[in-house]
Structure formats: structure tokens, C-alpha cells
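Everything on this sheet refers to the single structure shown next.
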Amino acid sequence: MRIAIPTDAWLPQTSGVVTTLSRTVEGLRARGHEVHVIHPGLFRTVPCPTYPEIRLAILPGRKIKHMLDAFMPGAIHLPTEGPIGIAARHYAIRRKLPFTTAYTTRWPEYVQMRIGVPVGLTYRLLRWFHGRGARMMVSTPSLKAELETRGFGPIVFWSRGVDTELFRPRLKNALAGPRPILVYMGRVSVEKNIQAFLELHGGGQKVVIGDGPALEGLKKIYPHVHFLGRKTGEDLARLLAAADVFVFPSLTDTFGIVLIEAMACGVPVAAFPVTGPKDVVLHGETGWLDEGLDKAVEKALEMDPERCREHACQYSWARSIEQFEQNLALR
């Protein structure tokens, strides 16, 4: 099958969305599908306001039309609501072709945090984008229920996976210093609520793995925290496995692939009881969810690393890709 995936999020960006898409494309191709990814690197771009690491395509509509006409896809999937996603949506509607979408990022909450746009307005725009799709894919039951109350639908599941060969228990010597070692891994930005992690009062030390627009400013405010910057592959996995607790302070993630990566390393999770963690973490078994993040860290230290690993191994990319295939709308 020919599958077109026009997306505003793609390599070299680092995010859960990019990880999901790249693993999905790799898996689809391994299954014999011909996949055409239409991404920002194929266009002239400008930096996203307040987030220069993300590049936005400039007027991509005409080029997307030529690309899709030449490719003649049997299925079109739109995972992002940016310029590329909107142009491909317009193409599909004009051609009367079915398409699917995915709700992967909480733009209403992010945009409100960054520039103050009311949440209700952004949700209205998102209903416009997703409403003409055959199906909208989401990653968790709680997100499905929440979006249904906001008027989205029809909604189907598309779960996530973890590379359990890369993310596995290892020796703890990749991080030195007093224990416990608390690790945050992800984008260093305001929407991730990272300051809740940085302001924890417990003992031990705090380590931040990742890059983002808030990194340099936070380094100055929190000199006692170890900011390691962006890490990938084996380096990332070794550092993550050396943690005693993985702290996930976000209140706005739709899933949180880093949660299952940490648990696959045998590292328990401390998080708030919100969408994402409450769907992925087994409270009291593989981590602790609490409105008080300090208490969540304290209780997470009591969790069994083997149980964390066992639970994470239930998430596979093979299963995720099968779900994606089944959800596609064929022409």
C-alpha cells in the first residue's frame, strides 16, 4: 500500500511525536508498504514563534499537491495540525479522498501558556482540522474520553511502543554522586512544567537530560541541578538507567513515551495523576502518582525495578504499527 504522511514534526526534531512517527514509518516499510513522508525539510521554512527549534513550512500547498498527485497514495494520515497538515487536509478534501488524523499534542494548553490564547478558541480550530477526517487516533483511554466531551470524534486508539533492547536495566555507574538520583528527560520548556521538578525539596541530586528554549535560563536559576543537554541512543539509555526515580512533571502530555522508556530501564516513575501517567504507570507498582510530587518521589523509591521492566515490555512498536495500519482510511 502507498501511505502518505504529511507532517510538520520530523527529524532532526526530538520529541515523542517524532519518535513515534519515525518508528512507525520504519515498521510500515519493513512490512512492505511504500511510505512517503512529506516533512519541513522539503520546503522553505521559518522558525516557529517562541520555539525556533521547530521549523514551519512556508506556503507548502502547491508543492504538496504535486507530491501527492505523483505518489497517488492509497491512504493519507495527518499527524500534525501545522502548515503541512493543513495543506494536505485541503488537498484530500478537494480530491474527495479519505484521511485520518492524530491528536498527539495539547496545542490549546501549550498556546495558552506561551502567548495567552484562550483554550476554547484553539480547541475550536482543532475540531475544524480533525472534524473532516475519517478517524482521529489517540494514545490513551483518558484522552479519548476527554476529547469526546469536547466534541471530537470518531476516535480510535493508537498506542505507543518502546525499544526494550536499548532501554534496559544497566549498572548505575553512568551517574555519580549522592543518591537518590532523580532524572527528568524531555524538552526543557515551560509547557513541560519542568520547574515542578527543579523545585523538589527531597535529598539526593537532580539531573536534566534534554534541550529546549528554557535551558539556558534555567541553568542560571538552578546552578545545583545537573543539566546534561540532549542525549541519544546508548548514551541516553545508560544515563536513564542510572536514575533511581524518573520524575515526569508534565500536566499536558498525551502519552509520554519517556515513561515507558524509564520503566523499561527498571526505573520507577513519580508523576502527577493526569492523562498520560495515569494511563501508562501502574500506581503503586511501577511508580507513584500524587498531587504532591515530593511524596510521589518518596513512594516511587519503594517500587520494584523488575515490575517496572515487566510492565514496560507490554508496549511494543510492532503492536503500535498494527494498530496504525488497522486505523487507516483507504481510498
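Over the range 218-277, calculate the relative contact order: mean separation of alpha carbon pairs under 8 Å at least 6 apart, over the residue count, as a percent.
33 percent.
Provide the descending list of Cα extents for the range 1-71 along its principal axes, expressed in whole angstroms.
39, 29, 11
Over the range 1-124, with the other protein chains present, what is the accessible area per residue in square angstrom, probe 1.4 angstrom?
Accessible area per residue: 47 Å².
On a C-alpha basis, how far is the centre of the range 28-74 from the centre of the range 79-117 in Å? Whole number, if you could?
13 Å
Counting only protein heavy atoms, what percent of the accessible surface of the chain is carbon or sulfur at a 1.4 Å probe?
54 percent
Taking every Cα atom in the range 177-331, find the radius of gyration and the maximum pairwise distance Dmax, and write them in Å.
Cα-based Rg and Dmax for the range 177-331 come out at 15.7, 58 Å.
Starting from the Kirkwood Rh over alpha-carbon pairs, what translational D in µm² s⁻¹ does the range 234-288 have by Stokes-Einstein at 25 °C and 0.890 mPa s?
222 µm²/s
For K63, which lysines qualify as cross-link partners when the Cα separation must be under 29 Å and same-chain residues fewer than eight apart are set aside?
Counting by Cα, and skipping residues close in sequence, K63 has these lysines nearby: K96.
Give me the accessible area per residue for the range 141-180, probe 1.4 Å, as a whole number in Å². Please report the intermediate quantities before stating the final value.
Details: 2170 Å² over 40 residues.
Dividing the accessible area of the range 141-180 by its residue count gives 54 Å².
Using a 1.4 Å probe and ignoring any ligands, DNA or RNA, find the accessible area of D163 and quote it in Å² to the nearest 10.
50 Å²
State, as an integer percentage, the relative contact order of the chain based on alpha-carbon contacts under 8 Å between residues 6 or more apart.
It rounds to 17 percent for the chain.
Normalised by the number of residues in the range 79-156, what is the relative contact order in percent for Cα pairs under 8 Å and 6+ residues apart? Don't skip to the end; give the middle numbers.
Details: 77 pairs, mean separation 22.7, N = 78.
Across the range 79-156, relative contact order equals 29 percent.
Working only with C-alpha atoms, what are the Rg and Dmax values of the range 21-125, expressed in angstrom?
Gyration radius and largest Cα-Cα distance of the range 21-125: 15.1, 45 Å.
Using helices alone, what [θ] at 222 nm do you get for the chain, with -39,500 (n - 2.57) per DSSP H run of 4 or more residues, divided over all residues and rounded to the nearest 500?
-11000 deg cm²/dmol
About its Cα centre, what dipole magnitude does the range 132-190 give when the only charges are +1 on Lys and Arg Cβ and -1 on Asp and Glu Cβ, stated in debye to the nearest 20?
Numbers: 10 positive and 4 negative charges, 23 e Å.
Magnitude of the dipole: close to 120 debye.
Comparing K219, K231, K278, which has the greatest mean-square fluctuation in the GNM of the chain with Cα pairs linked when under 10 Å apart?
Taking springs between Cα atoms under 10 Å, the residue moving most is K219.
To check you understand DSSP bridge types, tell me what percent of the beta bridges within the chain (both residues inside) are antiparallel, rounded to 5. Mind showing how you got there, number by number?
Numbers: 5 of 37 bridges.
Rounded to the nearest five, the antiparallel share is 15 percent.
Exposed loop sites here are GluC sites (Glu not before Pro) in DSSP loop states with at most 15 other C-beta atoms within 10 Å. What is the longest stretch of the chain lacking them? Mind showing how you got there, number by number?
Numbers: sites that count: E165, E199, E285, E291, E302.
That would be 1-164.
Distance cut-off 22 Å, Cα to Cα: go down the list K192/K220; K172/K206; K278/K299; K219/K295; K231/K295; K192/K295 and report the pairs above it.
K219/K295; K231/K295
Sort T24, T149, T105 by heavy-atom solvent-accessible area, probe 1.4 angstrom, most to least.
On the way: T24 0, T149 115, T105 20 Å².
Accessible-area ranking of T24, T149, T105, largest first: T149, T105, T24.
The values are calculated or read from the model by the stated rules, or taken from the named source; none is laboratory data. As the structure is a computational prediction, the values presented were derived from the model and not from experiment. Here Cβ is always computed from backbone atoms with ideal geometry, including for glycine, and neighbour counts include all displayed protein chains. For the accessible areas, the whole protein counts, side chains as well, though only heavy atoms, and no ligand, DNA or RNA atoms are used. Shrake-Rupley method; radii C 1.70, N 1.55, O 1.52, S 1.80 Å.
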